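Below is one structure, written out as structure tokens; the observations come after it.
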Amino acid sequence: MATEQLKKIPFDLAKFKETSEDKLFEFVDIDTVTSERITAPRYSYWRSVLRIFFKKKINWVVLVLLALLFILTFIGPFFWPYSKFENVTDASLQNLSPTQCFDRFGFSLKWCLGTGQYGNSIFYGLWSSARTSLLLAIICAAINMVLGILMGAVWGYSKSFDAVMTVIYNIIANVPYVLLISVLVYVIGAGFGPFVLALTVTGWLGIAYFFRTQVLIIRDREYNLASRCLGTPIVRVVSKNILPYMISVIVTLLATEVPSYISMEVFLSYIGIGLKSDVPALGQMINDGQIGWTTYPWAFWAPVSIAAALTIMLYLLGQNLADASDPRSHMQ
């Protein structure tokens, strides 16, 4: 029945062609230039990294707090000169609480956090000590990261270099790190420069071994093999093909390096290794304050709080930047 009804419907072929050509279809000219043009917005890696990083509001808050701490740390000591033994002969200034200092001196930034066992200002000492710890951490992290990345890239790419460095790493890695630093400090002497040397003379080796493993994973990929077949030097292959591929890995490792060196300085200064007693450092302030931390808690908890705040904020920012630098997160 349905077929017979369709046959009875009149069909005008000319009218159908006219309707199809005039209304349903449209001829388009071929433009080779336009067809090759990319309509998507131009991609910028670092712009995408910053966009994702600043999308998190917590990063803005941490950046503001960290900037404030950096201003107090690096600019404050120029206006607030600190000497640990400034009032060592005045017993009346030793171990004063903030309340006692307020009753004696009124409102004063210098005495707002009380005094230590040598009559030293806790407030002034905090920022001078934090500056020493931060400078030490930044310098050590920069030296170890640069040496570790470059040596690790060559280590993973050169088989002859790999054989030598693997033996050296296995020997040094079996020596406890704290013991090695202690011996180096006693051999080369105490002070800021020798302490940096002690932390960096072998500190880059673990980073280099980590990058050696990463390079082994990607060195034999097709584009690297093609570069080698074309006669590209190893240095150029490493700098152009391998290292840019590991930007997110580098940022992730850097996120842990700076906070870890702050913690290392605090720990080593706390046990009496490294910096001289006249060089202010957070570890030394904690060591001085822990003697009577139940009786004079302000001398102990103030440097502990600053060390913890710096470590946590640097680690948090580093991890969020590492997440933002991962190209897979740019596809959102």
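The values are calculated or read from the model by the stated rules, or taken from the named source; none is laboratory data. Since the structure is predicted, the reported quantities are computational estimates derived from the model, not experimental observations. All Cβ positions, even for glycine, are placed from backbone atoms using ideal geometry, and neighbour counts span all protein chains on display.
I'd like to check something: does segment 96-116 contain any residue that is under 22 Å from Tyr270 (Cα atoms), surrounded by fewer than 19 Cβ atoms within 10 Å (Cβ to Cβ) and touching a residue at least 24 places away in the same chain (Cβ under 8 Å)? No; the residues of segment 96-116 include none that is under 22 Å from Tyr270 (Cα atoms), surrounded by fewer than 19 Cβ atoms within 10 Å (Cβ to Cβ) and touching a residue at least 24 places away in the same chain (Cβ under 8 Å).
Could you tell me whether segment 62-77 includes any residue that is part of a loop (DSSP other than H, G, I, E, B) and modelled with pLDDT of 85 or more?
Quick first cut of segment 62-77, residues part of a loop (DSSP other than H, G, I, E, B) only: 75.
Restricting the remaining residues to those that are modelled with pLDDT of 85 or more gives 75.
Within segment 62-77, one or more residues are part of a loop (DSSP other than H, G, I, E, B) and modelled with pLDDT of 85 or more.
Looking only at residues of segment 176-192 that are loosely packed, with under 11 Cβ neighbours inside 10 Å and of a type in the set (A, V, I, L, M, F, W, C), we find that the one that is farthest from Gln284 (Cα to Cα) is Val187. Only a single item in (1) more than 20 Å from Val215 (Cβ to Cβ); (2) of a type in the set (A, V, I, L, M); (3) within 23 Å of the chain's Cα centre (by Cα) is not met by Ile171, and it is number (3).
On the stretch given as segment 265-307, residues that are of a type in the set (A, V, I, L, M, F, W, C), under 21 Å from Gly119 (Cβ atoms) and either at pLDDT 80 or above or assigned to a helix (DSSP H, G or I) (or both) total 13.
Yes/no matrix, rows are residues, columns are (1) within 28 Å of Leu197 (Cβ to Cβ); (2) free of Cβ contacts under 8 Å to residues at least 24 places away in the same chain:
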{"position": "Arg212", "(1), (2)": "yes, no"}
{"position": "Ser227", "(1), (2)": "no, yes"}
{"position": "Leu230", "(1), (2)": "no, yes"}
{"position": "Lys240", "(1), (2)": "no, yes"}
{"position": "Leu243", "(1), (2)": "yes, no"}
{"position": "Val258", "(1), (2)": "yes, no"}
{"position": "Leu275", "(1), (2)": "yes, no"}
{"position": "Leu282", "(1), (2)": "yes, no"}
{"position": "Val304", "(1), (2)": "yes, yes"}
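Screening segment 65-95 for residues that are buried (at least 16 other Cβ atoms within 10 Å of the Cβ) and over 18 Å from Gly289 (Cα atoms) and picking the one that is farthest from the chain's Cα centre (by Cα) gives Trp80. Trp46 meets each of the listed conditions (1) modelled with pLDDT of 80 or more; (2) within 30 Å of Ile312 (Cα to Cα) apart from (1).
Okay, residues lined up against (1) more than 25 Å from the chain's Cα centre (by Cα); (2) within 23 Å of Val62 (Cα to Cα):
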| residue | (1), (2) |
| --- | --- |
| Ser269 | no, no |
| Gln284 | no, no |
| Ile291 | yes, no |
| Thr295 | yes, no |
| Ala302 | no, yes |
| Ala308 | no, yes |
| Gln319 | no, yes |
| Ala324 | no, yes |
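The numbered conditions (1) in contact (Cβ under 8 Å) with a residue 24 or more places away in the chain; (2) farther than 28 Å from Ile217 by Cβ; (3) touching a Ser or Thr at 6+ places or on another chain (Cβ under 9 Å) are all true for Ala153 except (2). Output yes when any residue across segment 306-320 is small (Gly, Ala, Ser), closer than 27 Å to Phe192 by Cβ and out of contact with any helix residue (DSSP H, G or I) (no Cβ under 9 Å at 6 or more places or on another chain), and no when none is. The answer is yes, given that some residue of segment 306-320 is small (Gly, Ala, Ser), closer than 27 Å to Phe192 by Cβ and out of contact with any helix residue (DSSP H, G or I) (no Cβ under 9 Å at 6 or more places or on another chain).
Take Ser239 and decide whether it is assigned to a helix (DSSP H, G or I) and either modelled with pLDDT of 80 or more or surrounded by 17 or more Cβ atoms within 10 Å (Cβ to Cβ) (or both). Steps first, answer last, please.
Working: assigned to a helix (DSSP H, G or I): yes; either modelled with pLDDT of 80 or more or surrounded by 17 or more Cβ atoms within 10 Å (Cβ to Cβ) (or both): no.
Answer is no for this residue.
In the set (1) without any contact (Cβ under 8 Å) to a residue 12 or more places away in the chain; (2) under 28 Å from Arg212 (Cβ atoms); (3) not hydroxyl-bearing (Ser, Thr, Tyr), the condition left unmet by Asn144 is number (1).
So, in segment 284-302, of the ones that are under 28 Å from Ala67 (Cβ atoms) and in contact (Cβ under 8 Å) with a residue 24 or more places away in the chain, which residue ends up surrounded by the fewest Cβ atoms within 10 Å (Cβ to Cβ)?
So the first thing to find is which residues in segment 284-302 are under 28 Å from Ala67 (Cβ atoms), and the list is 284-286, 289, 298-302.
Checking which are in contact (Cβ under 8 Å) with a residue 24 or more places away in the chain leaves us with 284-285, 289, 298-299, 302.
On the way: Gln284: 26, Met285: 30, Gly289: 22, Trp298: 19, Ala299: 27, Ala302: 23.
By that ranking, first place goes to Trp298.
What about Leu147, is it under 22 Å from Ile273 (Cβ atoms) and buried (at least 16 other Cβ atoms within 10 Å of the Cβ)? Considered against the rule, which asks whether it is under 22 Å from Ile273 (Cβ atoms) and buried (at least 16 other Cβ atoms within 10 Å of the Cβ), Leu147 comes out as no.
Would you check if Cys140 is within 27 Å of the chain's Cα centre (by Cα) and either at pLDDT 85 or above or at negative phi (or both)? Talk me through it step by step, then tell me what you get.
On the way: within 27 Å of the chain's Cα centre (by Cα): yes; either at pLDDT 85 or above or at negative phi (or both): yes.
Considered against the rule, which asks whether it is within 27 Å of the chain's Cα centre (by Cα) and either at pLDDT 85 or above or at negative phi (or both), Cys140 comes out as yes.
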